[in-house]
Amino acid sequence: MPTAPLTAKEKLLGAAIYTIRERGYAGTSVDELCSAAGVTKGAFFHHFESKERLAVAAAEHFQANAEVLFNNEPHRKLADPVDRLLGYVEQRKNMLRGELPEYTCLLGTMVQEAYETNPAIREACNRAMFQHVGWLEADIAAAIEKYGIKADWSAKSLAVYMMTVIQGSFIVAKAQYSPAAAVESMEHLRRYLKMIFGRSAKNTRRAVTRKKARA
């Protein structure tokens, strides 16, 4: 069945996601967005009253696409929440290919330069990022419960840390114009998660074994 052609609005959203990741929010003009989308300026202003409104919509669109992308991966069906977290990190690492605008994050790119000058963009990026944090938090909370982990950190704090590592790795990738350091960061994050949950899981199993032996 043939795919329906993209609407002007969809073309503009796609153009914004790529072009802003490539040039930044301030460095991208309405004319450039229209050119990249292949639409007229009249079509632009028919759908969006300003570049800022398009950026806010692009942040929401980017997050909606991310939800589909990450939720459809095989690791989401794994029974163990730690395996799901490790699978997520591996997926993130595998996405670090191609040109920088193809794998860096629109949300992180926009919020770095617009957090003070464009509160609407900051708020849209914050909402989108913390929706993603919420997915991670759910798996972390499930892992904490499964392995009976007692710690002075919360599921949310670890989820935020994971997001911080990922966003920071994109910044380093841009600075070095290479994904190599970002790939290494994903590997360190994977090892860190294995250390937290793998060690705790082993300790839990030993504790259960000792309890059974005393019974």
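The values are calculated or read from the model by the stated rules, or taken from the named source; none is laboratory data. Since the model is a prediction, treat every value here as computed from it, not as a measurement. Because the Cβ atoms are built from the backbone with ideal geometry, glycine has one as well, and the counts that use them run over all protein chains shown. Accessible surface is based on the protein model in full, side chains and every heavy atom, while ligands, DNA and RNA are left aside. Shrake-Rupley method; radii C 1.70, N 1.55, O 1.52, S 1.80 Å.
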Log10 I(q)/I(0) at q = 0.19 Å⁻¹ for region 82-137, from Debye over equal alpha-carbon scatterers, is -0.80
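Suppose accessible area is computed on protein heavy atoms with a 1.4 Å probe; arrange D139, D31 from highest to lowest. Intermediate values should be presented prior to the final figure.
Working: D139 10, D31 95 Å².
Largest to smallest exposure gives the sequence D31, D139.
Kindly provide the helix-only [θ] at 222 nm of the chain, computed as the sum of -39,500 (n - 2.57) over DSSP H runs of four or more divided by all residues, to the nearest 500 deg cm²/dmol?
Working: 10 runs with 165 residues, N = 215.
That comes out to -25500 deg cm²/dmol.
Once the piece of chain linking Y192 and K150 is laid out straight, how much longer is it, given 0.36 nm per residue of separation minus the C-alpha distance between them? If you can, show how the numbers build up before the last one.
On the way: separation 42, 0.36 × 42 = 15.12 nm, distance 1.67 nm.
Length gained between Y192 and K150: 13.5 nm.
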Between the residues M162, A124, G42, the Cα farthest towards the positive end of the dipole of the chain, that dipole coming from +1 and -1 charges on the beta-carbon of Lys, Arg, Asp and Glu, is from M162
Across all Cα atoms of region 22-92, Rg and the largest Cα-Cα distance (Dmax), in Å, are 17.6, 51
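Please list R97, R76, R53, R84 from largest to smallest accessible area, probe radius 1.4 Å, with all protein chains kept in place. Could the numbers behind the result be given before it?
Values: R97 155, R76 75, R53 100, R84 35 Å².
Largest accessible area first, the residues go R97, R53, R76, R84.
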Share of accessible surface on carbon and sulfur in the chain, whole %, 1.4 Å probe and ligands ignored, is 54
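Please calculate how many Å² of accessible area the chain carries per residue, with a 1.4 Å probe and no DNA, RNA or ligand atoms counted.
Details: 11960 Å² over 215 residues.
Ligands and nucleic acids excluded, the figure is 56 Å² per residue.
In region 95-140, which GluC sites (Glu not before Pro) are in a loop and have at most 11 other Cβ atoms within 10 Å, using DSSP for the loop call? Spell out each step's value before the answer.
Working: sites: E99, E102, E113, E116, E123, E137; in loops: E99, E116.
Passing both the DSSP loop test and the Cβ count: E99, E116.
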So N94 and R127, fully extended at 0.36 nm per residue minus their Cα-Cα distance, gain in nm 9.4 nm
Treating every alpha carbon of region 58-183 as one equal point scatterer without solvent, the Debye formula yields log10 I(q)/I(0) values at q = 0.11 Å⁻¹ of -0.41
Taking only C-alpha positions in region 1-127, Rg and Dmax in angstrom work out to 16.3, 51
